[in-house]
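**Student:** Please read through the structure below; I'll follow up with questions.
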Amino acid sequence: MTAVFISLFVIIAISITNPLITIFHELGHAFAYLLLTKPDNINVFIGSHGNKATRLNFKIGRLYFYFNPGSPFIRGGMCQSSKIESNYFKYILILLAGPVFTLLFACIIGVIVFNTELHGAIKLYCFILIIFSGISLIRNLNPKPSNEAYLNNDGQQIAFTFRNRAVYSSYIAAIEDQLNNENSAAADKLLKIADTHPKEEKILRQLIPLLINIKSNDLAKKHLIALGTISSFDMVDYSNMGYLHSLAGEHENAMKNYRKALTIEPENSAVLNNLGYELVLTEAYQEADEILQKAIKLDPELPDPYSILGLLNVLTGKLEAGRVLIDKCLGLDPANAYAHKHLGIFYLKMKEKENAFINLKKAAELDSNINVDLYLQEAQLIN
């Protein structure tokens, strides 16, 4: 009976300790931000990495707390300051504050409890709290965690910040540019950092999507290839490489990369959409239909699969069915460039010259990556 009681006590203690450690950890970061950065407000997430969609939230001074007890409460947590710290030394102190405060606070509680006449079970619990706080400190400050769930732990961020201390202010300026939607300025700053730190994986992973966004596709491909020499590709990397091959008209290479992305994340609707488009372009209509239907089922609010499935229908002679699907896409996203292109192709099939011109030119205006010259020439020939 005693063994059962002890086992039950340990299980309950652990289930209570892990959430407490998460709370102490994020409070450590928050207090350090308040002391060193002095932001207007700080969001403290417990049980998530940024989810504000919870009813269990409250405010204490400049601290806004968001609790998500229905999520993996044990490990989820994040502290988000309204002001970014651009001083590398202060930021390292902020990162250290989380795990150090957790252990320090646990030790203070332990010293108080151990010097009182409280019940032995309470003292045992304090001992468990101190042990787990120490484990948390070691785990969070490990710059090379074995578990992928901790790729952005405090240790890795500290190591990154210290390695790049000479350019850290420029790096933060690039992040601020990106937050202000000044993507070209952000990319320019990150390019300069990448030139002097060519093996910095985090810089490359932030730079590549920016280059794609500003349509510097050759530079994006160059840095994506460089990333592959220092790190294994993840789902996003394969997807980006597929997209760049697609823009270059290299359909087989595009599909190869999209399929690799799907081996990592089989139910990613965006990648399924992109693969479906390549399959339509290579006239693999049956597989394209299956892929696009799956993308729609996974994410009914994603506009693009409707447009591409509409194009498939138009190309296979089901014109009205195609038009309905393209209209569905435009209903979700009126400025969808590919939907206007596909609608232009629909009007070509219908021999409606003016409407074909309007939509094809609209597509080119919305996205300079889209080449509609051949379709415009075809429209010109309509009598």
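The values are calculated or read from the model by the stated rules, or taken from the named source; none is laboratory data. Everything numeric here is computed off the predicted structure, so don't read it as measured data. With ideal geometry, Cβ positions are generated from the backbone for all residues, glycine too; neighbour counts draw on all protein chains shown.
**Student:** Scan the stretch 339-365 and report the pairs whose first residue is surrounded by fewer than 19 Cβ atoms within 10 Å (Cβ to Cβ) and whose second residue is β-branched (Val, Ile, Thr) and in a loop (DSSP other than H, G, I, E, B), with Cβ atoms within less than 9 Å and a gap of 6+ or a chain change.
**Tutor:** So the pair list comes out as Lys351/Ile382; Glu352/Ile382; Lys353/Ile382; Lys361/Val372.
**Student:** Before we move on, is Phe45 in a strand (DSSP E or B) and either free of Cβ contacts under 8 Å to residues at least 12 places away in the same chain or assigned by TED's automatic domain parsing to the domain that holds Leu179 (or both)?
**Tutor:** For Phe45, the condition - in a strand (DSSP E or B) and either free of Cβ contacts under 8 Å to residues at least 12 places away in the same chain or assigned by TED's automatic domain parsing to the domain that holds Leu179 (or both) - is not met.
**Student:** Do we find a residue being of a type in the set (Ser, Thr, Tyr) and not in a loop (DSSP other than H, G, I, E, B) anywhere in the stretch 343-360? Quick ask: steps written out before the conclusion?
**Tutor:** Step one: list which residues in the stretch 343-360 are of a type in the set (Ser, Thr, Tyr), which gives 347.
If we keep only those that are not in a loop (DSSP other than H, G, I, E, B) too, we end up with 347.
For the stretch 343-360, residues of a type in the set (Ser, Thr, Tyr) and not in a loop (DSSP other than H, G, I, E, B): present.
**Student:** Within the stretch 281-312, work out how many residues are more than 17 Å from Asn268 (Cβ to Cβ) and surrounded by 22 or more Cβ atoms within 10 Å (Cβ to Cβ).
**Tutor:** 6
**Student:** Here's something else I'd like to know. Please note which helices (runs of 4 or more DSSP H) are completely contained in the stretch 135-253 and include at least 1 residues that are touching a helix residue (DSSP H, G or I) at 6+ places or on another chain (Cβ under 9 Å) and more than 30 Å from Ala106 (Cβ to Cβ).
**Tutor:** Once the helices (runs of 4 or more DSSP H) in the stretch 135-253 are filtered for at least 1 residues that are touching a helix residue (DSSP H, G or I) at 6+ places or on another chain (Cβ under 9 Å) and more than 30 Å from Ala106 (Cβ to Cβ), what remains is 168-179, 183-196, 201-213, 217-230, 235-247.
**Student:** Restricting to the stretch 191-231, give me the number of residues that are in contact with a His (Cβ under 9 Å, 6 or more places away or on another chain) and under 18 Å from Ile172 (Cβ atoms).
**Tutor:** Going through the stretch 191-231 one residue at a time, the tally reaches 5.
Results for (1) outside the structural domain of Ser133 (by TED's automatic domain parsing); (2) among the charged types (D, E, K, R); (3) modelled with pLDDT under 90; (4) under 26 Å from the mean Cα position of the chain (by Cα), shown as yes or no for each residue.
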{"position": "Asn57", "(1), (2), (3), (4)": "no, no, yes, yes"}
{"position": "Leu63", "(1), (2), (3), (4)": "no, no, no, yes"}
{"position": "Gly76", "(1), (2), (3), (4)": "no, no, yes, yes"}
{"position": "Ser81", "(1), (2), (3), (4)": "no, no, no, yes"}
{"position": "Phe89", "(1), (2), (3), (4)": "no, no, no, no"}
{"position": "Ile92", "(1), (2), (3), (4)": "no, no, no, yes"}
{"position": "Gly98", "(1), (2), (3), (4)": "no, no, no, yes"}
{"position": "Phe105", "(1), (2), (3), (4)": "no, no, yes, no"}
{"position": "Gly110", "(1), (2), (3), (4)": "no, no, yes, no"}
